[in-house]
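Written below as structure tokens is the structure these notes are about.
The values are calculated or read from the model by the stated rules, or taken from the named source; none is laboratory data. What you are looking at is a predicted structure, and each value in this text was computed from that prediction instead of being measured. As a convention, Cβ positions derive from the backbone with ideal geometry for all residues, glycine included, and neighbour counts pool all protein chains shown.
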Amino acid sequence: MRPDKMHVFIDLLHVTKIAIEVDPLDTTEILKKKISEKTTLPVSDQILTICQNGAMKELKNNSRIYLGNIFDTNSNAVITLSCKQNLSSFSFCIYVVTETGLVFTLRPEGGNSTRIINLKEQLSKRLSLSVESFLLRSVDMLHYVNKGLTPDNNTLEDFSVKTGAVLYVQIHPCEHNWFFGRIEREQAEKLMSSATDGQFLVKESLHFPGDYVLFVRVNGEVQHYRVLYKKNMMFTINGEHYCDTINNLVKFYQNNKGSTLPIKLTDPISKTEATHCTNGAALDDKGSATNGTLPRPRLETSALAELHLQVKIGSRAYSLLANPFDQIQSLKEQIEELTGVSTDSQLLRWNDKPLIMNDFILEDYHIRDNSTIVVQVHPWNEEWYIGKWASNQVETGVKELNVADGMFLIRDSTSTPGNYCLHVWLETEFQIA
């Protein structure tokens, strides 16, 4: 009797997984051909490994060993796919994984000086996608890195993307009638004004690239929920439920409700209604505004509703788009997404003035367009740094410790934000410098 078919899951460069149906009598060589058909990665560039007895083992081509002898046909086996390192010191190379499971090598002509927009244009032709319909992310799941590469005018070097790095193509759900692209919050609320309970739409987050915002009418009122794209490559609303795509998250809430979203999603808002809130323009099939003749791929926020900021961390400079009504905490979160510096490690300065009230909005500090925000990074990676301890907390905290002359620690100044206090023990008593 012929054995049943089985499924194996292929972990694509530690970024995302795809399922492939195989026959237990298939060999590794046949499996590689099936992976190539699905991912476009040539068989010669593939390295397959599995975890056996706590150790990683490479699956080499062998016509006499069958997959059914390696895996239990009743279990979902996971095989890790890596690319052979065809790198040289004379060629800048990156690996690309798409949300649809394609894997390929890319060699940008400009090396790490390539601007993100130029790289997206190159990918746009290869993937037959518009530049506006996807977002690039730098991903290294082994080191828990998952960072959106925005804005488009920055270079790969600005984002510390080196040769051999993995970029993930996050594809926006433009094919769904509930997705409205880059419209403003006010436009979304206007579209929802005639909605019934459960009706909804989804748009891109203008301030957190890669995230989305779900608008839904609940008990006669329009509510909006930020859909976060977490570092583990999963979408969630307030951590209540996780899905690998925004499409699956919408499907989940069409069939379920929870403590975060107290109503099931019903019908999406019709895009034909969008004409009334886009100054006479219609929405195209990507949810972007058009003037009826020439396509306009994205809706920009009005000049009064956005701030172009330059963010400086040491010698590096980044561009960032913010809203005057964003809180300082929100700005810190955007900076973390852009640079990888955690919010707890940031002290923001504008005109040498520390921005210490996290719940204040940018307008409270009179921050204007084209301002420069300087990020002072606290040394949390140093053992001698203890953060926001007060002097009496230091004295109490070390009473039970055996301190010796010359031992020290550093804390934040409680009276002058941005400055530090050095505590040094001399003759078993600490002195503050």
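Results, tabulated for the structure shown:
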| quantity | calculated |
| --- | --- |
| Test: residue in segment 259-266 that is over 28 Å from the mean Cα position of the chain (by Cα), modelled with pLDDT under 90 and among the β-branched types (Val, Ile, Thr) | no |
| Residue list for segment 11-65, restricted to those being assigned to a loop (DSSP other than H, G, I, E, B), surrounded by fewer than 19 Cβ atoms within 10 Å (Cβ to Cβ) and touching a residue at least 60 places away in the same chain (Cβ under 8 Å) | His14, Thr40 |
| Leu135 vs. criteria part of a strand (DSSP E or B) and either more than 9 Å from the chain's Cα centre (by Cα) or more than 18 Å from Pro108 (Cβ to Cβ) (or both) | yes |
| Of all residues making up segment 333-368, the number that are basic (Lys, Arg) and in a strand (DSSP E or B) | 2 |
| Candidates Ser319, Ser330 - the one that is in a strand (DSSP E or B) and under 28 Å from Asn153 (Cα atoms) | Ser319 |
| Test: residue in segment 291-306 that is more than 27 Å from Arg368 (Cβ to Cβ), polar (S, T, N, Q) and either at pLDDT 85 or above or outside any helix (DSSP H, G or I) (or both) | yes |
| Looking only at segment 345-389, and only at residues there that are charged (D, E, K, R) and within 14 Å of Pro417 (Cβ to Cβ), the one that is surrounded by the fewest Cβ atoms within 10 Å (Cβ to Cβ) | Asp352 |
| Selection status of Ser315, at pLDDT 85 or above, on the phi < 0 side of the Ramachandran plot and loosely packed, with under 14 Cβ neighbours inside 10 Å | yes |
| Of residues in segment 183-197 being crowded, with 17+ Cβ neighbours inside 10 Å and over 28 Å from the mean Cα position of the chain (by Cα), the one nearest to Val250 (Cα to Cα) | Ala195 |
| Residues within segment 198-233 that are crowded, with 17+ Cβ neighbours inside 10 Å, assigned to a loop (DSSP other than H, G, I, E, B) and modelled with pLDDT under 90, tallied | 6 |
